[in-house]
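The block underneath contains the structure these notes are about, expressed in structure tokens.
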Amino acid sequence: MSEKGILKAIHPVLPVKNVTEAINYYVNKLGFQLGFKDAGDNPKYAGVRRDAIEIHLQWHDAKEWEAGIDRPMLRIYSQNVTALFNEYKTQDVFHKNTSLKETPWGTKEFGFYDLDSNGLVYYRDL
């Protein structure tokens, strides 16, 4: 019998226009810690961590961007989504329609976009 492959973690890579600004946003607004970045004052790749998740941030030239097109959306499970909502509410990261709500598909969740319009949805099952 062969061994089964087991998935342990995922580290999504989000496109960003400025890695330094993205690091500052994720660290100072969303409570992540810098895990790593490439060398120099103008990094092109970095990773940020909070609790059990890690997100990678990769620079993309502004010429490659089409506003509102093909932006990634992450769904991040949170053990206490209400506490996280209340924490982020004080960080000026929400748009005017951000709210914590129960969904018809059985979750309690909220979402918003980062500096580069990457979607972040935090949720827990009801």
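FYI, it's all coordinate maths here, none of it is from the lab. Remember, predicted model here, so these are calculated numbers, not experimental data. Counting neighbours? That spans all protein chains shown, and the Cβs are built from the backbone with ideal geometry, glycine included.
With a Cα cut-off of under 24 Å and a minimum spacing of 8 residues unless on different chains, the lysine pairs in the chain number 17. For the pair VAL27 and GLU3 in one chain, pulling the backbone fully straight at 0.36 nm per residue adds 4.7 nm over the alpha carbon distance.
Between LYS17 and LEU126, the modelled labels are 3.8 nm apart [label points 7 Å from Cα along Cα→Cβ]. Note on the chain: antiparallel DSSP beta bridges, both residues inside, total approximately 70 percent of the bridges counted. Among residues other than VAL121 with Cβ under 13 Å from its Cβ, the summed charge is +3 (Lys and Arg +1, Asp and Glu -1). A cut-off under 12 angstrom between Cβ atoms defines the neighbours of TYR25, and their net charge, with Lys, Arg +1 and Asp, Glu -1, is -2. When the chain is treated as a GNM with alpha-carbon contacts under 10 Å, the residue of PRO43, PRO15, PRO104 showing the greatest mean-square fluctuation is PRO104. Once both labels are positioned 7 Å from their Cα atoms along Cα-to-Cβ, the gap between ALA39 and ARG75 label points is 4.2 nm. Two numbers describe the Cα atoms of region 42-85: Rg and Dmax, which are 14.2, 39 Å.
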